[in-house]
Amino acid sequence: MANERIIVGIDAGTTKVTTLIAEASRNRSVDIIGFGVAPSRGLKRGVVVDMDATVDAIEVSVEKAERVSGYKVASAFVSIAGGHIASLNNRGVVAITHPDRTITEDDVARAIDAARVINVTNNREIIHTIPRQFIVDGQDGVRNPVGMVGYRVDVEAHIVTGAVTAVQNLVKCFETCDIDVDQIVLQPLAAAEAVVSDEEKDMGVALVDIGGSITEIAIFSEGSICHTAVINVGGNHITNDISVRLRAPVAEADELKINYAHALSQDIDPNETVDVATFGRGHVASIPRIQICEVAEARLQELFQLVSEEIARSGYDGLLPAGIVIVGGTAQLSGIEELGSDVTGLPVRKGMPK
């Protein structure tokens, strides 16, 4: 980029496209100088289904951020998500050939390259290779082996893959907007960097990002990511459930979810009512608010049950004392932390940027 101190991040999601423009200071802190949000209609479950609509949303979001910051966006880090994302853990091993047996950065790079040697079909590509730990001559738990002495270096790496077409279509949308993609970044990995502490990652924690149509999970243990997964349930499912239950337009149902939904219906006064514009000729009905909350509670119970099942499937059940950190628009619903803790049996908190 023209200014190396300027960093641009763009999250193209199912419901909205968000652009952040930040300036890095000399003391390594980051100041947000531009922010833009635009409704998204061109993505479904993290995958581009309408390129023109996606391009339009990106352009509107970027233009808003540019107007605030006064900076022209030429390239950006772009998040990716979706049901096509998969992950696995693999190990790479290399021998140290230097006469003095000192491990160099080249040796570390060779070990990581060795870990990337996996059977990937032609329709998939590697998005991330993230070292979890290094092992030097049998000594595990090494964070950075450069400068150490040894005969052999092993690396345990977490490898994230995605569908080639999904990645290329997303990149093409940005290229159409004349924006170069600096790097594709897995969405829950980026979210974890912002809201999960190093202590939580060391103890064991799950980052749960509740999006519009999908929920992404990233599990951390001993300071590094060890499992990623996608669940095909998100905030839009709550909106659709409310729309069907109340026979109201989706836009009206979404407003009701945002303004009146609560994750624990038992906390709501059964006599409290809400005016709802239902289908028909401007018909307005007065319905008990608790109906909205019951719908939201049922869907969220399903979501957290699926999260529990995924944690058990990962092999880290019982190994996450730091619990669950939830982010995303739906995570803002009141009562969701208590409900999540009741269903999963783990501590649950809302993630806030550090």
| query | Tell me, what % of the accessible area of the stretch 15-164 is carbon and sulfur with a 1.4 angstrom probe? | reply | 50 percent
| query | Using only Cα atoms, what is the ratio of the radius of gyration of the chain to 2.2 N^0.38 Å? | reply | 1.10
| How big is the Rg/Rh ratio for the stretch 247-354, C-alpha atoms only, Rh by Kirkwood, two decimals? | 1.07
| note | Under a Gaussian network model of the chain whose springs join Cα atoms within less than 10 Å, the largest fluctuation of Gly234, Gly34, Gly280 belongs to Gly280
| remark: Given the candidates Asn27, Phe77, Val48, the one whose Cα lies deepest towards the positive end of the charge dipole of the stretch 1-94, counting +1 at each Lys or Arg C-beta and -1 at each Asp or Glu C-beta, is Asn27
| task | Collect residues whose amide H, placed 1.01 Å from N in the peptide plane, falls under 5 Å from the amide H of Ile33; neighbours closer than 5 in sequence don't count. | result | Ile21, Ala22, Glu23
| query | Which far-off residues, 5 or more places away or on another chain, put their amide H under 5 Å from the one on Ile127, with H placed in the peptide plane? | reply | Val160, Thr161, Gly162
| Net charge of neighbours whose Cβ lies under 14 Å from the Cβ of Val164, counting Lys and Arg as +1 and Asp and Glu as -1 | +1
| Most mobile listed residue (Arg91, Arg101, Arg132) in the chain, GNM with C-alpha springs under 10 Å | Arg101
| field | Whole-number accessible area per residue in Å² for the chain, which is evaluated in the context of all protein chains at 1.4 Å | value | 48 Å²
| said: Output wanted: per-residue J couplings in Hz (rounded whole) for the stretch 45-58, from phi through Karplus 6.51 cos²θ - 1.76 cosθ + 1.60, θ = phi - 60°, x for Gly and Pro. | reply: 6, x, 10, 5, 10, 9, 5, 4, 5, 5, 4, 4, 5, 4
| request: Using only the alpha carbons of the stretch 197-284, determine the length spanned along each of the three principal axes and report them from longest to shortest in whole angstroms. | output: 58, 26, 16
| request: Quick one: angle between helix 235-246 and the longest Cα principal axis of the chain, in degrees between 0 and 90, rounded to 10, please. | output: 20 degrees
| Taking only the alpha-carbon positions of the stretch 51-173 and ignoring solvent, what does the Debye formula give for the base-10 log of I(q)/I(0) at q = 0.09, 0.23 Å⁻¹? | -0.42, -1.19
| field | q = 0.12, 0.13, 0.18 Å⁻¹: log10 I(q)/I(0) that the Debye formula gives for the stretch 8-67, counting C-alpha atoms only | value | -0.31, -0.36, -0.58
| note | Rounded to whole angstrom, the alpha-carbon centroid of the stretch 236-267 lies from that of the stretch 141-201 at a distance of 36 Å
| request: Return the calculated 222 nm mean residue ellipticity for the chain, to the nearest 500 deg cm²/dmol, obtained by summing -39500 (n - 2.57) across DSSP H runs with n ≥ 4 and dividing by the residue count. | output: -10500 deg cm²/dmol
| Portion, in percent, of the accessible area of the stretch 249-354 that falls on carbon or sulfur, probe 1.4 Å | 50 percent
| request: Scan around Arg132 for amide H atoms under 5 Å from its own, H built in the peptide plane at 1.01 Å from N, and keep only partners 5 or more places away or cross-chain. | output: Glu156, Ala157, His158
| query | Listed highest first by mean packing, meaning other Cβ atoms within 10 Å per residue, what order do 138-146, 310-318, 18-26 come in? | reply | 18-26, 310-318, 138-146
| Taking the chain as a Gaussian network, where each spring joins two C-alpha atoms under 10 Å apart, which residue of Val30, Val164, Val250 fluctuates the most? | Val30
| request: Keeping every protein chain in place, order Ile179, Ile112 by accessible area at 1.4 Å, biggest value first, i.e. largest first. | output: Ile112, Ile179
| note | Longest principal axis of the chain (C-alpha) makes with the long axis of helix 289-314 (C-alpha) an angle, in degrees to the nearest 10, of 20 degrees
| task | Please state the charge dipole magnitude for the chain, taken about the Cα centre, from unit charges on C-beta atoms (+1 on K and R, -1 on D and E), reported in debye and rounded to the nearest 20. | result | 420 debye
| field | Inter-centroid distance (Cα atoms) of the stretch 313-346 relative to the stretch 1-47, Å | value | 26 Å
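What does the charge dipole of the stretch 173-309 about its Cα centre add up to, to the nearest 20 debye, if the Cβ of each Lys and Arg holds +1 and the Cβ of each Asp and Glu holds -1?
Dipole size: approximately 880 debye.
The values are calculated or read from the model by the stated rules, or taken from the named source; none is laboratory data. From a predicted model like this one, the values you see are computed outputs, not experimental measurements. Note: ideal-geometry Cβ built from the backbone for every residue, glycine included; neighbour counts use all protein chains shown. The protein model used for the area step is the full one, side chains on, heavy atoms only, and it has no ligands, DNA or RNA in it. Shrake-Rupley method; radii C 1.70, N 1.55, O 1.52, S 1.80 Å.
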